[in-house]
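One structure below.
The values are calculated or read from the model by the stated rules, or taken from the named source; none is laboratory data. Quick caveat, the model's predicted, so the values are computed rather than measured. Using ideal geometry, Cβ is built from the backbone for each residue, glycine included, and neighbour counts are taken over all protein chains shown. When the accessible area is computed, the model is the full protein with side chains, heavy atoms only, and any ligands, DNA or RNA have been set aside. Shrake-Rupley method; radii C 1.70, N 1.55, O 1.52, S 1.80 Å.
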Amino acid sequence: MRAVIQRVARASVHTAGQAPRTIGRGVVVLLGVERGDGPADVEWMAEKIANLRIFPGEGAAGGKHFERSLQDTEGHVLVVSQFTLLGDCRRGRRPSFSAAAPPGEAEPLYRAVAEALAARGLFVQTGWFGADMQVELVNDGPVTLWLDSRA
C-alpha cells in the first residue's frame, strides 16, 4: 500500500453530480492499493497516518518543528483512491499499472483505511472510488510525504 500525505490548511474533492466533500486543517491522503495488500497493511497505514508527527508544536517558531500528530491536533483527513501511485514508468512511454490491486480487492482495503482512521477518533472524508475526481487543496508548509507499507 502506498500513500502520498500532504499537510493541508483545507481541501476538497469533487465529482460530477455529487456534493463536494471538504475538510479543514489536516492531511490529504492519496492512497494506492497494491496486489497482495491486506489487513496488516491497512493497520500499518492508519497507525502511521494518525500518529506521524508532521504538525508544529505549540509556539514553534516558524512552524518548523514537527512535534504533533493528527491525533494531537484533532486534524481532519481526506482519503482519495489513487491507483496511479503504483504506476511503473521505467520502460516505454506508458506507465504500467500491473502492481495495482484490481478494483474488487482495492476498494474494500481503501475503505478499511478510512474506517481505521475514523476509529482513531479522526474526522474522515473520502473521495469516490473509481470516479473521475478533482482534488483541491492548500498545502500547508508545504509538507508532502510518501509512505509504503512494504518498505
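For the reader, a short list of remarks on this structure follows.
- Among the residues of the range 99-114, those that are outside any helix (DSSP H, G or I) and crowded, with 20+ Cβ neighbours inside 10 Å comprise Ala100, Ala101.
- The set of residues in the range 108-151 that are among the β-branched types (Val, Ile, Thr) and without any contact (Cβ under 8 Å) to a residue 60 or more places away in the chain contains only Val124.
Here is a yes/no grid of residues against (1) exposed (fewer than 14 other Cβ atoms within 10 Å of the Cβ); (2) more than 11 Å from the chain's Cα centre (by Cα); (3) touching a residue at least 60 places away in the same chain (Cβ under 8 Å):
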| residue | (1), (2), (3) |
| --- | --- |
| Met1 | no, no, yes |
| Val4 | no, no, yes |
| Ala11 | no, yes, yes |
| Pro20 | yes, yes, no |
| Val29 | no, no, yes |
| Pro39 | yes, yes, yes |
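- If you go through the range 137-151 and keep only what is part of a strand (DSSP E or B) and of a type in the set (S, T, N, Q), you end up with Asn139, Thr144.
- Residue list for the range 33-53, restricted to those being in a loop (DSSP other than H, G, I, E, B) and on the phi < 0 side of the Ramachandran plot: Val33, Arg35, Asp37, Gly38, Leu52, Arg53
- Reported count of residues in the range 59-74, each being part of a loop (DSSP other than H, G, I, E, B) and at pLDDT 95 or above, is 1.
- When the range 1-32 is filtered for residues that are small (Gly, Ala, Ser), closer than 19 Å to Ser69 by Cα, in contact with a Lys or Arg (Cβ under 7 Å, 6 or more places away or on another chain) and in a strand (DSSP E or B), only Ala9 remains.
- Restricting attention to the range 115-136, the residues being in contact with a helix residue (DSSP H, G or I) (Cβ under 6 Å, 6 or more places away or on another chain), assigned to a strand (DSSP E or B) and not hydroxyl-bearing (Ser, Thr, Tyr) number 1.
- Restricting the range 81-91 to residues that are without any contact (Cβ under 8 Å) to a residue 40 or more places away in the chain and open to solvent by 70 Å² or more (accessible area, probe 1.4 Å), the residue that is farthest from Trp146 (Cα to Cα) is Arg91.
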